[in-house]
1. In the range 48-91, how many residues are farther than 17 Å from R14 by Cα and in contact with a Ser or Thr (Cβ under 7 Å, 6 or more places away or on another chain)?
2. Restricting attention to the range 71-91, does a residue exist that is aliphatic (A, V, I, L, M) and surrounded by 12 or more Cβ atoms within 10 Å (Cβ to Cβ)?
3. Take the residues in the range 11-48 that are hydrophobic (A, V, I, L, M, F, W, C) and within 16 Å of R58 (Cβ to Cβ); name whichever of them is farthest from the chain's Cα centre (by Cα).
4. Every residue in the range 50-70 that is of a type in the set (S, T, N, Q) and surrounded by 11 or more Cβ atoms within 10 Å (Cβ to Cβ), please.
5. Might you check whether a residue that is over 17 Å from R14 (Cα atoms), touching a residue at least 24 places away in the same chain (Cβ under 8 Å) and not in a strand (DSSP E or B) occurs anywhere in the range 35-47?
6. Across the range 48-91, what is the total count of residues that are closer than 30 Å to S29 by Cβ and assigned to a loop (DSSP other than H, G, I, E, B)?
7. In the set Q37, Q31, Q18, Q13, which member is in contact with a Pro (Cβ under 8 Å, 6 or more places away or on another chain), surrounded by 11 or more Cβ atoms within 10 Å (Cβ to Cβ) and not aromatic (F, W, Y)?
Amino acid sequence: MMTSEHPALILLQRVAKQGDNALHCREVSLQLSIDQQHLILSRYTERYSPEGRHWVERKHRVSVTELMRWVIEQGEPQALMQSTEPRKAMA
């Protein structure tokens with residue numbers, strides 16, 4: 001787990017038994033960078049067995065600005081919500 005000013009949002013946390021004597025642990029999380037300019041997706045896997053422990057952590061970093069542009073371009077527009085109020089007459 002990352003330690004910084006911005007706590008991670010855990011998207012997935014799973015432990016599965018593999019066979020009679022092995023465990024496979026997996027965690028996926030999102031976190032803002034310290035400067036809040038990037039979003040970091042972390043994928044961590046760990047396997048415990050009688051032969052030992054093996055782990056891998058992969059991090060993927062994307063600009064928040066670029067991510068927002070991509071979401072706007074790729075996403076389907078939803079209903080527009082707005083309010084219309086009549087103008088008040090000037091005295």
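The values are calculated or read from the model by the stated rules, or taken from the named source; none is laboratory data. Remember, it's a predicted structure, so these values are computed and weren't measured experimentally. All Cβ positions, even for glycine, are placed from backbone atoms using ideal geometry, and neighbour counts span all protein chains on display.
1. Of the residues in the range 48-91, 1 are farther than 17 Å from R14 by Cα and in contact with a Ser or Thr (Cβ under 7 Å, 6 or more places away or on another chain).
2. no
3. Selected residue: C25.
4. The answer is S63, and nothing else.
5. Looking for residues that are over 17 Å from R14 (Cα atoms), touching a residue at least 24 places away in the same chain (Cβ under 8 Å) and not in a strand (DSSP E or B), one finds at least one in the range 35-47, hence yes.
6. Of all residues in the range 48-91, those closer than 30 Å to S29 by Cβ come to 48-78.
Filter again for assigned to a loop (DSSP other than H, G, I, E, B), leaving 50-51, 75-78.
So the count comes out to 6.
7. Within the list Q37, Q31, Q18, Q13, the selection yields Q31.
Matching residues to (1) in contact with a helix residue (DSSP H, G or I) (Cβ under 9 Å, 6 or more places away or on another chain); (2) modelled with pLDDT under 95:
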site: I10; (1), (2): no, no
site: G19; (1), (2): no, yes
site: Q36; (1), (2): yes, yes
site: V62; (1), (2): yes, no
